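What follows is calculated from the coordinates using simple rules that are stated; it is not laboratory data. The structure presented is a predicted model; accordingly, all values stated were derived computationally and were not measured. Note: ideal-geometry Cβ built from the backbone for every residue, glycine included; neighbour counts use all protein chains shown.
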C-alpha cells in the first residue's frame, strides 16, 4: 500500500503537457493560438506546451518565446505547397487541399511518432486537417485528450468548379459527417472560433444537413479570438510614431498575410500608389511583405515604406487610417476590432475567403470587398483607397475575451 501511495504522489507531481498544432497556411492561426496558450497557462501554471509547427508559424512562436518541438524539422511545408498552387492572386483552395495528400500523410506520421514517444495530456489541433482526419480513420492511435479548433465548417464549391466541384465538396462533407457520427468520442472538444451567426447558412450538400444547424449542435463557441484589446487613441499614436509616421500623415497599411500567395496583389497596390497620392497627397504607405515575400522584390515608390515580417502587426493595423489586405480572416477581423476602414481583396476561387470570411465580415458590417479584376485597374484601386480613407466606420464590436473562453474549454480536458 505504501508503494502504491508513493507512486500516486509521484504521478500527481508530473508536469502536465500539451502539444499544439497550428495551421501554417497564413499567420492568423498562430496569433490566436499563442493568445489561447497564454490564457491556458493562467489556468494551469505548470503546463508545458510544445508546438509542432512549420514556417511561418515558427516565426511568430520565436517572437512569443514558445517552445517548438525538434521534430517540427521533419514536417513537409504546407505553405510552400499552397504558394505553388497559386498564380496571379488566384488560389483554388479546395483543389489545392485535395492535392496535399502526400504532405498530410507525412505530417501525420511525424505527429504520431511524437505522441508515441512522449505522453501528452492534451493535443490541440487548430485546423490540423491531417491529425483530425487520420485519427478518425485510426481511432486506436488516440492516446490523449484531443481538442479541435476551427473558424469555418464546410467545404463549399466555387462557381467556376461547376457540377463536378459541387459533387466533390458534398462528398468531402459527407465523409466528415460520417466520421463524426461514428467516432463522436474521438474529439473531446470541438471549438468554433466565433459565434453561431458567423457560420454560413448553407447546406453541406444534397441530402445533408445545414451547416449552421449542424455546427451549432456539435461545437462549442468561443467567440472570436483576437488576443488583444483594441488600443486607445494614445496607444495608436505611439504605434504610428514607432512605425515612423506622424499625426498629420494619412497612413495606409498594405499587407497580404503570412504566405507568399499575395505577391501579385502587392504589385497591383504599388501600381496604384502614385495615383492615390496624387489625389490625396497626405497619404503615406506602409507595405508589409510578410515572412515569405522578399521586400527587395517589390518596386520602390515615393511615400512608401516596405518591410518584411512585422511582429505584433495588429498594433500597426490599429494605428492606420486605411488598409488594403488580402481576404484572410485574421487580418480583416483585427481591422474590424480596431474600427479601421479597409479594403479586402479575396483570392480568386478561394472558397473560404470568398464565402466563409465574407459572410462573417458582413455580420460585423466590416470592410469593403474589391475583386482582383478591379484591383488590377490602378485608377479604380487608387480611387477606392482614397474613398475608404475618408470613411467613418462603426462596425459591430468584436469580443475581447475569446482567447480566455477557448482556454477555459481546453482547461477542462487537462
*Please arrange 124, 103 by counting, for each residue, the other beta carbons lying within 10 Å of its beta carbon, fewest first.*
103, 124
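Among 79, 22, 190, which comes first, second and so on when ranked by fewest other beta-carbon atoms within 10 Å?
Ordered by Cβ neighbours within 10 Å, fewest first: 190, 79, 22.
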*asked:* Tell me the label only: which of [x] 57, 44, 42; [y] 84, 54, 51; [z] 83, 50, 37 is Cα extents along the principal axes in Å as calculated from this structure?
replied: [z]
*Pop the C-beta distance of residue 116 and residue 363 into the FRET formula with R0 = 51 Å and round what comes out to the nearest 0.05.*
0.75
*List the relative contact order of the chain as a percent without decimals, with contacts defined as Cα pairs under 8 Å and 6+ residues apart.*
18
*Using a/c under 1.5 as the rounded threshold, could you call the range 57-178 rounded, prolate or oblate? The axes a ≥ b ≥ c are square roots of the C-alpha gyration tensor eigenvalues, and prolate needs a/b larger than b/c, oblate otherwise.*
oblate
*Rounded to the nearest 500, what is the 222 nm mean residue ellipticity of the chain from helices alone, with -39500 (n - 2.57) per DSSP H run of 4+ residues and division by all residues?*
-13000 deg cm²/dmol
*Which one of 385, 97, 25 has the biggest mean-square fluctuation once the chain is modelled by GNM with Cα springs under 10 Å?*
97
*What is the extension gain from residue 133 to residue 392, computed as 0.36 nm multiplied by their sequence separation minus the C-alpha to C-alpha distance, in nm to one decimal?*
88.8 nm
*For a label point 7 angstrom out from the Cα of residue 414 toward its Cβ, which stretches of the range 16-37 have the backbone nitrogen within less than 15 Å?*
16-21, 33-37
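Where both partners of a DSSP beta bridge lie in the chain, what percent of those bridges are antiparallel, to the nearest 5?
5
Relative contact order for the range 339-414 using alpha-carbon pairs under 8 Å, separation at least 6, rounded to a whole percent? Write out the running numbers ahead of the final one.
Details: 55 pairs, mean separation 28.8, N = 76.
Taking the mean separation of contacting Cα pairs over the length of the range 339-414, I get 38 percent.
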*Working out 0.36 nm times the residue gap between residue 38 and residue 278, then minus their Cα-Cα distance, what length gain in nm do you get to one decimal?*
81.9 nm
*asked:* As an exercise, use a Förster radius of 41 Å and the Cβ-Cβ distance of residue 106 and residue 305 to find the FRET efficiency, rounded to the nearest 0.05.
replied: 0.55
*asked:* Pick from 78, 117, 66 the residue whose mean-square fluctuation is largest in a GNM of the chain, springs joining Cα atoms under 10 Å.
replied: 117
*For the range 138-249, what is the convex hull (Cα atoms) projected area averaged across all directions, in square nanometres?*
12.0
*Please identify which residues in the range 244-285 have an amide N closer than 17 Å to a label point set 7 Å out from the Cα of residue 312, following the Cα→Cβ vector.*
244-245
_Once R0 is set to 45 Å, what does the formula 1/(1 + (r/R0)^6) return for the Cβ-Cβ distance between residue 377 and residue 217, expressed as a FRET efficiency to the nearest 0.05?_
0.50
*Would you mind pulling out the separation of the Cα centroids of the range 235-266 and the range 358-414, in Å?*
16
*asked:* Rounded, prolate or oblate for the range 233-389? Axes are the square roots of the Cα gyration tensor eigenvalues, ordered a ≥ b ≥ c, and the cut-off for rounded is a/c under 1.5.
replied: rounded
*Given 10 Å bins starting at zero, what is the percent of C-alpha pairs of the range 63-131 in each, up to the one with the largest pair distance?*
16, 45, 28, 10, 1
*Just rank 85, 178, fewest to most, by other beta-carbon atoms within 10 angstrom.*
178, 85
*Using a Gaussian network for the chain with springs between C-alpha atoms less than 10 Å apart, which of these wobbles most: 201, 163, 33?*
163
